[in-house]
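Take a look at the structure set out below.
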Amino acid sequence: MLVIDDERTLTDVTVQMLGLWGYEARGAYDGRVGLEAARAFRPDIVLMDVLMPNLNGIDAAIALRCEMPQVQVLIISGQTGSVDLLDRARRQGYDFSLLPKPIEPEELRTKLEELASP
């Protein structure tokens, strides 16, 4: 699993929590670096913030899906402006799950189990 968010503390804590839950997890702190990490790591699931420097999460998620169609992307965002970017992605044929910030651990765990199930 890969966590991509420019809020470093959130990224690091989420990676640690995922590790405690038994996931192999890594973190990245912006969209462009996150794409590079995904290419190297090949995660099954990516947790991605929307508003980040260098490349927003929606554009990064679309790029990931083009390169790795099997990857599950869970968008995490606390910004109301994210809705417009998600709508734009849907119009382009990309539908991503959204989990609002602040992230509730049990809600995250449930969502990850749903994404991991075929």
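Coordinate-derived values only; no laboratory data. Keep in mind it's a predicted model, so treat the numbers as computed, not measured. Every residue, glycine among them, receives a Cβ derived from its backbone with ideal geometry; neighbour counts consider all protein chains shown.
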Using amide H atoms built in the peptide plane, which far-off residues or other-chain residues are under 5 Å from S77 H to H? L99, K101
Segment A40-L115, extension gain: residue separation times 0.36 nm, minus the distance between their alpha carbons: 24.9 nm
Treat every Asp and Glu Cβ in the chain as -1 and every Lys and Arg Cβ as +1, leave all other atoms uncharged, and give the resulting dipole magnitude about the Cα centre to the nearest 20 debye. 300
Largest first and to the nearest Å, give the Cα extent of the chain along each principal axis. 36, 29, 28
Positive dipole terminus of the stretch 2-116, leading residue within Q70, T110, V83 (C-beta point charges): Q70
With +1 on each Lys and Arg Cβ and -1 on each Asp and Glu Cβ, and nothing else charged, work out how big the dipole of the stretch 51-118 is about its Cα centre, in Debye to the nearest 20. 180
